[in-house]
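The values are calculated or read from the model by the stated rules, or taken from the named source; none is laboratory data. None of these values were measured; they are calculated from a predicted model. Using ideal geometry, Cβ is built from the backbone for each residue, glycine included, and neighbour counts are taken over all protein chains shown.
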Amino acid sequence: MNVRLYILSALMCCALLTSAVRAEEVHSAEGIITYREKVMDVLKYQSGAIGAILKNKLPYGDDVLVHAKGLQATSRLVAPSFKLKAMKDGGGARAEIWAQWDEYVAAAKVLEEAADRLVAAAETGDTKATAQAMRAVGGSCSSCHKPFRIKHANHRH
Amino acid sequence: MAGGRPIKTPFGSIYATNITPDIETGIGAWSDADFVRAMREGIAPDGSHYYPVFPYTAFTRMRERDLLDLKAYLFSLPPIRKKNEPNALSPPFSWRSTLALWKVLHFSEGEFEYREDRSEAWNRGAYLVEALAHCAECHTPRTATGGLLVDRAYAGSEEGPEGESAPNITPDKPTGVGAWSASDMIWYLQSGFEPDGDTAQGVMWEVIEQGYQHLSERDLDAIAVYLQTLKPIEQFVGGRSAD
């Protein structure tokens, strides 16, 4: 390899490296955390809406199906929205998410499957079966939160 | 059921005891009378006193028939041989004999009394909450010696089991659950979903999953009815939550 080619390729390597570092820097921890919290908040609102209809026995069965489908779609974002590791002081995420990534993905999968069963139950219009399926969804949220989320008192109601 | 799970209290760890019907290491040799005495009075067959984390302060309100049904259920489980762990408590709480004193201070023995001036649902709820579901064991603050602060019942505890704080569940609007309807409470105990759609966490989720979730809607409704008649107490519990 002649010297000029060597220097050129070394420079190109450097350029590639810095651009890779730049690409990382573009994602602020704050932005990553805000997004995934919004994903969780969407799940919360869908669950809150479904719960409000079911527990008050409101005659809005068709609406339950709409919210169930929304929850089902959002459940698919639970693993991807945590792919980038980011944490902050007083935040809600535990480091175990990334240390035990496979288990985290498996916990998200449990929600995905519970959401599929919720949609199937809501499609039949059977409110009892829908309520039962929604309770299983609640179990899948709590089972993931237990090892992976820190819930702060200001999240209480 | 075979015990060995440490229960963290502000005074040190206590290991849950083996309550499987194993003759040597469990409760297999207990008579009906032994069982009722342990549950009601907190006294083991050998005469020693139980620590109050064994929630006999709540079980004392259970009717004898229900206690014997519970014993029959426990005796139907497979016996497991497992020696109880020695308890790791700091003095003076490590001295079992101080428990006799503790009981005089904090423990009122006696079966649940039906109140004629209240509805059937209220009485059922009172029995479930006070005697069976022992909500107070976590949600009522304790004195320095570990007794329940009865006049602040259900107002929340910064130092609940496992070091988690348990919120105020009296009907106080700003700091308790006064804004929750009966159906909010029933759905929460069935699914873990709070009114806004967030979820129950930590030991509360455990007791929902392993217990309350399996109660009938009638029983859960009774619990909600009873809780709504508690004295509202203003107290914000802002301590550490489950993590």
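Would you kindly identify the helices (runs of 4 or more DSSP H) lying entirely within the range B:139-243 that contain at least 3 residues that are at pLDDT below 90, under 25 Å from A:C141 (Cα atoms) and facing another protein chain (nearest Cβ under 9 Å)?
Output list reads B:202-210.
Just for the range B:15-55: of the residues that are under 24 Å from B:L128 (Cα atoms) and touching an Asp or Glu at 6+ places or on another chain (Cβ under 7 Å), which one is modelled with the lowest pLDDT?
Selected residue: B:P55.
Being among the charged types (D, E, K, R) and more than 8 Å from chain B (Cβ to nearest Cβ) is the filter here; which residues of the range A:104-157 pass it?
A:K109, A:E112, A:E113, A:D116, A:R117, A:E123, A:D126, A:K128 - these are the residues of the range A:104-157 that are among the charged types (D, E, K, R) and more than 8 Å from chain B (Cβ to nearest Cβ).
If you scan the range A:58-93, which residues turn out to be charged (D, E, K, R), modelled with pLDDT under 95 and either buried (at least 18 other Cβ atoms within 10 Å of the Cβ) or more than 14 Å from the chain's Cα centre (by Cα) (or both)?
Across the range A:58-93, the qualifying residues are A:D62, A:K88, A:D89.
Here's the yes/no breakdown for (1) free of Cβ contacts under 8 Å to residues at least 12 places away in the same chain; (2) at the interface with chain B (Cβ under 9 Å from one of its Cβ atoms); (3) not in a helix (DSSP H, G or I):
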position	(1), (2), (3)
A:I33	no, no, no
A:E37	no, no, no
A:V42	no, no, no
A:G48	yes, yes, no
A:G51	no, yes, no
A:D62	yes, no, no
A:H67	no, no, no
A:G70	no, no, no
A:A73	yes, no, no
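Considering only the range B:160-177, I want to know if a residue exists there that is more than 28 Å from A:V39 (Cβ to Cβ), of a type in the set (D, E) and more than 16 Å from the chain's Cα centre (by Cα).
yes
In the range A:124-145, what count of residues is obtained for those that are charged (D, E, K, R) and surrounded by 14 or more Cβ atoms within 10 Å (Cβ to Cβ)?
1
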